[in-house]
Each structure stands twice: as structure tokens, then as C-alpha cells.
Amino acid sequence: MEKYIINGGNKLHGEVSISGAKNAAVAILPAAVLSDEPCIIENVPNISDIDYIIKILLAIGAEVTMLNKSTLRIDPRRIHTPEVEYELAKKMRASYYFLGALLGKMGSARVSMPGGCDLGTRSIDQHLKGFNSLGAECSVEHGMIQVSAERLVGAHIYFDIVTVGATINVMLAAVKADGMTVIENAAKEPHIVDLANFLNSMGAEIMGAGTDVIKIRGVKSLHGAQYSIIPDQIEAGTFMVAAAATGGDILIKNVIPKHLESITVKLQKIGVHIEEFDDSIRVVGTGHLERANVKTMPHPGFPTDMQPQITTLLTLAEGTSIITESIYDSRFKYVDELRRMGADISVDGKVAVVEGVGRLMGAPVRATDLRAGAALIIAGLAATGTTEIEDIHHIERGYEDIEKKLRAIGADIKKVGVPERVLAQAL
């Protein structure tokens with residue numbers, strides 16, 4: 001087991017380059033399954049979630065070659081099974097994208113109920129509703145999701161709620177269905193658009209991605225393609241908040257500023273100075289933070305994946321802030337950890353009230369999930385004293401070399417191993 005040790009109080013200065021988007025990559029790599037030829041995918045983030053996706057691809061028969069640190073060649077021609085083993089699927093939420101991809105390729109898929117961060121109930125009923133509309137039979141037995149169809153047929157699908165996962169899964173299956181599929185109330189996140197662009201580069205016919213109505217005209221086959229994944233909106237947002245929390249000055253490179261608009265607007269309201277350029281953004285902490293109310297919403301609203309980070313920032317602001325989480329049921333588990341550092345936060349269901357305390361104090365804490373871990377890093381960077389963060393495997397699911405990137409811009413952070421003897425004593 002490893003942990004981060006952070007000595008806080010340093011202002012972050014310099015330049016940082018953002019990696020490929022985790023949320024796009026975990027959909028695009030399974031999408032390569034649908035091709036009849038090899039695909040080359042660039043700007044793939046070097047994170048543990050991608051390691052799990054690669055293991056799944058290899059287990060079902062695909063050939064995966066790492067051409068360099070961020071480029072993969074995926075050859076799906078020898079895929080021989082539509083089943084993803086439980087031990088692999090349980091590691092991450094996005095394993096369920098193999099349902100749509102394998103259903104489209106082989107006419108069936110069998111994947112265990114997905115794992116990933118514990119953020120409360122995240123039903124797959126809309127996924128199954130979409131598959132069923134396309135003509136698939138769906139069942140869930142003994143923790144395994146089974147979908148199969150002799151023939152997929154385009155359909156008109158209306159999602160009861162806006163759901164990124166179901167939008168992606170239905171897109172993956174529908175590209176090989178006969179006829180036209182229309183998805184209404186579709187998710188509009190940047191990684192939805194990125195997946196559509198990748199599929200279209202392979203010969204799919206997808207229109208409307210990025211709006212709430214997506215139309216997909218099914219095709220008989222898909223060919224290989226070379227494609228580069230978009231920059232990670234949430235990694236960029238995390239560094240933006242880190243700059244604000246430490247009163248720093250960071251140029252964040254390899255970003256799409258439009259994808260960051262909801263984060264930018266909220267940070268500017270809090271009192272952070274931001275300059276936008278073509279593919280970079282400069283964030284300057286002014287040293288004075290104002291209260292703000294934040295409500296997470298589907299894109300283009302404020303992203304739920306940035307909620308823990310901005311809540312952490314608002315503990316340092318002047319006044320009372322209210323955070324409303326409208327996406328997940330259990331996204332405030334990290335609040336107890338921030339309280340250990342001196343934060344004054346009260347939670348009632350999906351609403352948190354943050355009383356600004358001005359400064360935080362270093363303490364031993366643990367990451368309860370991916371974005372909570374990022375929030376604790378920000379807290380540690382801004383705090384007085386030393387913060388030790390355990391369970392950092394959650395953080396490494398979605399952030400590539402985060403401690404190295406932070407050290408390069410002035411953070412005092414290191415990753416250390418926890419001796420087995422200490423672990424045994426703790427158990």
C-alpha cells in the first residue's frame with residue numbers, strides 16, 4: 001500500500017500539461033472492439049482504469065500493443081468471447097461499456113455488475129431499457145448482466161433521466177443495428193462527443209452528439225482508424241482549483257477551454273483570475289475567496305466530478321456556501337476527512353453547507369473515492385502542516401502522475417510505501 005505525504009503552504013507556479021480524458025478513454029477503448037480492423041488510439045492516459053480496460057481487452061481475445069506511453073494499437077479481430085470475467089469487471093464502473101460494444105459486435109454480451117467508486121445507487125435500468133428497445137433480451141442473474149439479440153434493430157429511445165453511461169452503451173450497440181436509432185434526453189458531455197467522433201472515424205453514422213437528441217444510422221461494418229482522445233476536463237479543473245486554493249499562478253496546457261466553461265465561471269465568481277488561450281488556460285489565485293452556491297448538473301452544468309474539489313476550495317472562502325449534489329446519492333463521504341483538517345461542513349442528504357474557515361490544518365486522511373482523493377490533495381496543498389493521504393489507489397484510477405505534475409509546479413508531495421508490518425498492526 002502507498003500513500004501521499006504533503007507538506008502544505010506552497011503556492012503552485014509554472015506550467016502543467018493535461019493528459020487524455022479518462023471518461024472518454026474508458027468508452028473509446030471498448031468501442032474499438034466494434035472495428036473489423038486494428039485501431040490506433042493516441043493521448044491515452046496512463047492510469048489504472050486504463051490498465052483494467054486493457055486486461056479486459058486481452059482476456060476477450062483482442063491484441064493490444066503499446067506503441068508509446070500514450071498510444072495503443074488495438075486489434076479486435078481475434079476476439080472470441082462475449083464474456084467479461086467478474087474479477088476484471090468489478091474493478092471499475094466503465095466495464096459495463098463492454099455490454100454495448102460486444103452486443104454490437106457479437107450479438108451478445110455477459111458482464112458482471114460493475115464496480116468503481118462507491119457513490120451511492122447507480123442503476124443500470126436505463127442501459128437495459130435501451131438494449132431492449134434495440135431488440136435485445138436482457139437479464140441480471142447472480143450478479144451477471146446478460147444481453148443478447150439475433151438481430152439489433154434501430155429504435156426510438158427516450159431516457160427517463162440524463163445518463164452518460166446509458167447514452168454511451170446504447171450508442172455502442174446501435175452503430176451496428178439495422179436502421180435508424182434516435183436517443184432522446186441524451187447526455188451531452190464532451191466525452192459523448194469524443195466517442196461519437198471516434199466511431200464516425202471508423203465509418204459509423206452518428207449525428208447530434210453534444211445535443212439532447214442523437215441519431216445513429218446503423219452500418220454493416222466498421223473499419224480501423226487512428227484517433228486522439230480529448231484532454232481531460234476534470235484533471236484540468238482539478239489543477240485550476242489547486243491553483244486557486246494555494247494562491248498560485250499556473251498555466252494549464254493541452255485543454256479545450258470551452259469544456260471548462262462551467263468551472264471557469266464558478267471560479268471567477270469565487271474570486272479567481274482566469275485567462276483563456278487557444279489550448280491553454282491561466283489560473284491565478286488572488287488570495288481572497290468569496291462564498292458561492294454550487295449545484296451539480298449534467299453538462300453543460302457544473303460537473304459532479306468537480307464537486308469535492310470546489311467544496312474543498314470553499315472551505316477556504318469567506319462566508320457560507322451551499323453545495324447541492326443532484327447526480328449521485330453518496331458523494332459527500334469525503335466531508336468527514338475534510339473535517340479532520342478543520343473544515344466546517346454540515347451535510348443533510350444531498351446538500352452540504354460550508355462555513356468558510358480561512359485555513360485548513362494537515363492531518364492523516366484517506367481517499368474514499370477518485371474525486372474525493374483529488375479534493376484531499378488540494379486540501380493538503382493549501383493546509384498548514386503535513387497531510388498524509390491513504391488509499392491513493394482511488395486517485396490513481398483517474399490522474400496520471402499527479403504527484404510528479406504537482407512537484408513540477410512547486411508542491412511538496414511525495415508517494416511513499418506503507419510497510420507490511422505497519423499494515424498488519426493496523427488490521
The condition from (1) in contact with a Lys or Arg (Cβ under 6 Å, 6 or more places away or on another chain); (2) open to solvent by 20 Å² or more (accessible area, probe 1.4 Å); (3) closer than 26 Å to Met207 by Cβ that Gly104 misses is numbered (2)
Flag if Ser95 is on the phi < 0 side of the Ramachandran plot and in contact with a helix residue (DSSP H, G or I) (Cβ under 6 Å, 6 or more places away or on another chain): yes
Cβ contacts < 6 Å: first residue under 17 Å from Ala292 (Cβ atoms), restricted to segment 240-266; second residue in a strand (DSSP E or B) and open to solvent by less than 10 Å² (accessible area, probe 1.4 Å), any location; separation 6+ or different chain. Result? Met240/Val283; Ala243/Ile250; Ala243/Val283
Considering only segment 48-67, state which residues are more than 17 Å from Asp36 (Cβ to Cβ), modelled with pLDDT of 95 or more and open to solvent by less than 10 Å² (accessible area, probe 1.4 Å). Ile50, Ile53, Ile56
Arg73 passes all but one of (1) touching a strand residue (DSSP E or B) at 6+ places or on another chain (Cβ under 6 Å); (2) basic (Lys, Arg); (3) crowded, with 18+ Cβ neighbours inside 10 Å; which number fails? (3)
Can you go through Val164, Val153, Val140 and tell me which one is within 27 Å of the chain's Cα centre (by Cα) and surrounded by 15 or more Cβ atoms within 10 Å (Cβ to Cβ)? Val164
Residue hits (segment 76-96; surrounded by 22 or more Cβ atoms within 10 Å (Cβ to Cβ) and either of a type in the set (Lys, Arg) or part of a strand (DSSP E or B) (or both)) are Val84
Name every residue in segment 1-31 that is hydroxyl-bearing (Ser, Thr, Tyr) and farther than 30 Å from Asn200 by Cβ, in order of residue number. Tyr4
Please specify each residue of segment 167-192 satisfying the condition of being farther than 17 Å from Ala94 by Cα and either open to solvent by 20 Å² or more (accessible area, probe 1.4 Å) or out of contact with any Ser or Thr (no Cβ under 9 Å at 6 or more places or on another chain) (or both). Lys176, Ala177, Asp178, Gly179, Met180, Val182, Glu184, Asn185, Lys188
For segment 12-38: of the residues being open to solvent by 10 Å² or more (accessible area, probe 1.4 Å) and part of a helix (DSSP H, G or I), which is farthest from Ala408 (Cα to Cα)? Asn23
Evaluate segment 102-125: report whether one residue or more is modelled with pLDDT of 85 or more, under 24 Å from Ala367 (Cα atoms) and in contact with a Phe, Trp or Tyr (Cβ under 8 Å, 6 or more places away or on another chain). no
Near pairs, Cβ below 7 angstrom, 6+ apart or cross-chain, from segment 57-86 (without any contact (Cβ under 8 Å) to a residue 24 or more places away in the chain and within 16 Å of Gly107 (Cβ to Cβ)) to any residue that is of a type in the set (Ser, Thr, Tyr) and assigned to a strand (DSSP E or B): none
Going by what's in this entry, would Ile157 be described as of a type in the set (A, V, I, L, M, F, W, C) and under 30 Å from Gly349 (Cβ atoms)? no
Within segment 265-284, count every residue that is open to solvent by less than 20 Å² (accessible area, probe 1.4 Å) and either farther than 21 Å from Glu318 by Cβ or part of a loop (DSSP other than H, G, I, E, B) (or both). 3
Pairs, first more than 21 Å from Ile256 (Cα to Cα) in segment 279-298, second basic (Lys, Arg) and surrounded by fewer than 17 Cβ atoms within 10 Å (Cβ to Cβ), C-beta under 6 Å, six or more apart: Ala292/Lys269
Select from segment 231-262 the residues that are open to solvent by less than 30 Å² (accessible area, probe 1.4 Å) and part of a loop (DSSP other than H, G, I, E, B) and list them in ascending order. Asp232, Gly247, Gly248, Val255
Only one of Ile5, Ile41 is β-branched (Val, Ile, Thr), assigned to a strand (DSSP E or B) and open to solvent by 10 Å² or more (accessible area, probe 1.4 Å). Can you tell me which? Ile5
Going by the conditions given, is Ala352 in contact (Cβ under 8 Å) with a residue 40 or more places away in the chain, under 28 Å from Pro231 (Cβ atoms) and over 17 Å from the mean Cα position of the chain (by Cα)? no
Among helices (runs of 4 or more DSSP H) completely within segment 311-427, the ones holding 3 or more residues that are at pLDDT 95 or above, touching a strand residue (DSSP E or B) at 6+ places or on another chain (Cβ under 9 Å) and not β-branched (Val, Ile, Thr) are 335-340, 370-382, 402-408
Answer yes or no as to whether Ala382 is more than 22 Å from the chain's Cα centre (by Cα), more than 15 Å from Thr311 (Cα to Cα) and open to solvent by less than 30 Å² (accessible area, probe 1.4 Å). no
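The values are calculated or read from the model by the stated rules, or taken from the named source; none is laboratory data. Please read all numbers here as calculations on a predicted model, not as lab measurements. Positions of Cβ are generated from backbone atoms using ideal geometry, with glycine treated the same way; all protein chains shown enter the neighbour counts. Calculation scope for accessible area: heavy atoms of the full protein, side chains included, ligands and nucleic acids excluded. Shrake-Rupley method; radii C 1.70, N 1.55, O 1.52, S 1.80 Å.
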